[in-house]
Structures are given as C-alpha cells and as structure tokens.
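Q: Dropping the structure in here first, questions after.
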Amino acid sequence: MAISIASFLCMSYAGPTAFAIVGSLNKVPLTILGFMLFDVPVDWKGAISISFSMVAGFLYSKAKLDETLKKWKKMYIIYTKIN
C-alpha cells in the first residue's frame, strides 16, 4: 500500500515519462548491488544476459523520452501557430 502511494506521489510530481525512465534505469544499480551482496559468481552467459537487459532498459528509456519530446515539440508548434 505504501509503495502505491509513494509511486502515485512521485508520478504526480515528476510525470509519467520520468517515472517510467527512473523505473527502467533503477535496475542497473540493483543488479550490480545484488551481485556484490550475494556474492554470486558471474559466468559469460549471465554477463551477456545482464548486459542485454541493461541495454534494453536504456533503449526503452530513450524511446519513452523521444516520444515525450516529440509530443512537446508538436504542442509547441501548435501553440506558436495559434499565437
């Protein structure tokens, strides 16, 4: 319940796109911290899988950011044409 309330408050201040970007990028430090805390040996398959997941998270964040910037640019163009 508390996580839902915190998520709602964070989204109301930062916006849904920023919230999605933070949500996808927080996996990087959590992955590294998990390996350090639990002393898990990393083989080449695990390293490739983690790298792939992190790249996918970055690409998702970039896509969401580009989508938002495109919307803002359209809104700015429409606003400047009206005024």
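Just so it is clear, none of the values below were taken in a lab; they were calculated from the coordinates. If you're wondering where the values come from, they're calculated on a predicted model, not measured in any experiment. Because the Cβ atoms are built from the backbone with ideal geometry, glycine has one as well, and the counts that use them run over all protein chains shown.
Q: With charges only on Cβ, +1 for K and R and -1 for D and E, what is the dipole size of the chain about its Cα centre, in debye, rounded to 20?
A: So the dipole magnitude of the chain works out to roughly 580 debye.
Q: Per residue Cα convex hull volume for segment 1-45, in cubic angstrom? Mind showing how you got there, number by number?
A: Values: hull volume 4.6 nm³, N = 45.
Output value, Cα hull per residue: 102 Å³.
Q: Continuing with the same structure: Can you compute the helix-only [θ] at 222 nm over the chain? Use -39500 (n - 2.57) per DSSP H run of at least 4 residues, normalise by all residues, nearest 500 deg cm²/dmol.
A: Dividing the helical sum by the residues of the chain leaves -30500 deg cm²/dmol.
Q: By counting other Cβ atoms within 10 Å of each Cβ, how are 8, 58, 38 ranked from fewest to most?
A: 38, 8, 58
Q: Also: Taking Rg/Rh (Cα atoms, Kirkwood Rh) as the quantity of interest, determine which of (i) 1.25; (ii) 1.09; (iii) 1.16 was computed from the displayed structure.
A: Looking at Rg/Rh (Cα atoms, Kirkwood Rh) for this model, the match is (iii).
Q: Follow-up question, since we're still on this one. Sorting 40, 28 on the 10 Å Cβ count, fewest up front, what's the list? Spell out each step's value before the answer.
A: Details: 40 10, 28 14.
Ascending Cβ contact count within 10 Å gives the list 40, 28.
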